[in-house]
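Structure first, then comments.
The values are calculated or read from the model by the stated rules, or taken from the named source; none is laboratory data. From a predicted model like this one, the values you see are computed outputs, not experimental measurements. So basically every Cβ, Gly included, is an ideal-geometry build from the backbone, and we count neighbours across all protein chains shown.
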Amino acid sequence: MRSDVVRLFQTLPHPCGYFDGRTAQNLVIDPAAEALDEIYALGLTRGYRRAGGHVYVPHCVGCRACIASRIPVGEFVADRSQKRCARRNADLAIAVTAPGFNDERFALYQRYLASRHAEGGMDGAPAEDFSRFLFTAWSPTRFVEFRHQGRLVAVAVTDICTSGLSAVYTFFDPDEQARSLGTYAILSQIGLARERDLPHLYLGFWIAGHPKMDYKQRFRPLEILDRGRWRRHEHAWGPGDGPDCMRR
């Protein structure tokens, strides 16, 4: 008989991955919970995120900078820059594939980490970290592959849930900067959500003014989870701005 009670665990304090000198903690749904894939689909609507086999939400003392965000795909309208990005990448072949490790994917992943996260703790990751971080046995994951004349240039790790698509992680060829492949991956995931008649693309956590996390507010309309309610994000915020839930 399935229990309706889901246990949450709180991690020990650890260095924050976004702000130097800060510590972070997460609430993690019991990894041994029954029907974790169903719980995960519901968790997305409550601001949770997946990394490997863990479904978590930040729960940091004195900080609420990480704000869950999503795009209502039926209302999304690309701006001029995004339309140009789509045209630049019209020559790419896109395929939704099963997740898994292979040498081609791992080589691209390593090159991306070496370029974007040099000496940040992720570069030089061993092969087993690729699988442990990006997908797990129960996760509804697909790898959206982007190829130019047969060469793999980007992979968007995407979870396809009943509540929407979740953009888990994207890695791409650092030599293809002009293509803006990160933006194009999101545009493609919006298209995939529409094709599957799913209402939202979950982008994970937005951090106002953060150089690696603020890009999400360029996709409009954007919804953010503010004090337990999803609401429309109407204007650009700087590093010192944001809803009350950013601080305690």
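Miscellaneous remarks
- Flag for R88 being under 29 Å from P15 (Cα atoms), basic (K, R) and either out of contact with any strand residue (DSSP E or B) (no Cβ under 8 Å at 6 or more places or on another chain) or loosely packed, with under 15 Cβ neighbours inside 10 Å (or both): no
- Of the criteria (1) among the aliphatic types (A, V, I, L, M); (2) within 19 Å of C85 (Cβ to Cβ); (3) part of a loop (DSSP other than H, G, I, E, B), which one V144 fails: (3)
- Residue among G21, G43, G17, G47 that is in a loop (DSSP other than H, G, I, E, B) and closer than 23 Å to S139 by Cα: G47
- Candidates R64, R70, R50, R22: the one that is under 23 Å from Y215 (Cα atoms), in contact with a Leu (Cβ under 8 Å, 6 or more places away or on another chain) and basic (K, R) is R70.
- Among residues of region 163-188 being part of a strand (DSSP E or B) and either free of Cβ contacts under 8 Å to residues at least 24 places away in the same chain or within 13 Å of the chain's Cα centre (by Cα) (or both), the one that is surrounded by the fewest Cβ atoms within 10 Å (Cβ to Cβ) is Y169.
- Residue that is nearest to the chain's Cα centre (by Cα), among those in region 96-117 that are among the aliphatic types (A, V, I, L, M) and modelled with pLDDT under 95: L113
- Scanning region 189-206 for residues that are more than 11 Å from the chain's Cα centre (by Cα) and touching a residue at least 60 places away in the same chain (Cβ under 8 Å) yields I190, L192, A193, R194, L198, P199, H200.
- The number of residues in region 71-96 being in a strand (DSSP E or B) and not aliphatic (A, V, I, L, M) comes to 1.
- Extreme residue, nearest to Y202 (Cα to Cα), among residues of region 50-70 that are in a loop (DSSP other than H, G, I, E, B) and of a type in the set (A, V, I, L, M, F, W, C): C66
- When A41, A65, A93 are checked against the criterion of being over 23 Å from G164 (Cα atoms) and within 19 Å of the chain's Cα centre (by Cα), a single residue qualifies: A65.
Table: residues versus (1) buried (at least 19 other Cβ atoms within 10 Å of the Cβ); (2) at pLDDT below 95; (3) hydrophobic (A, V, I, L, M, F, W, C).
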{"residue": "Y202", "(1), (2), (3)": "yes, no, no"}
{"residue": "F205", "(1), (2), (3)": "yes, no, yes"}
{"residue": "P211", "(1), (2), (3)": "no, yes, no"}
{"residue": "D214", "(1), (2), (3)": "no, yes, no"}
{"residue": "L225", "(1), (2), (3)": "yes, no, yes"}
{"residue": "R231", "(1), (2), (3)": "no, no, no"}
{"residue": "P239", "(1), (2), (3)": "no, yes, no"}
{"residue": "P243", "(1), (2), (3)": "no, yes, no"}
{"residue": "R247", "(1), (2), (3)": "no, yes, no"}
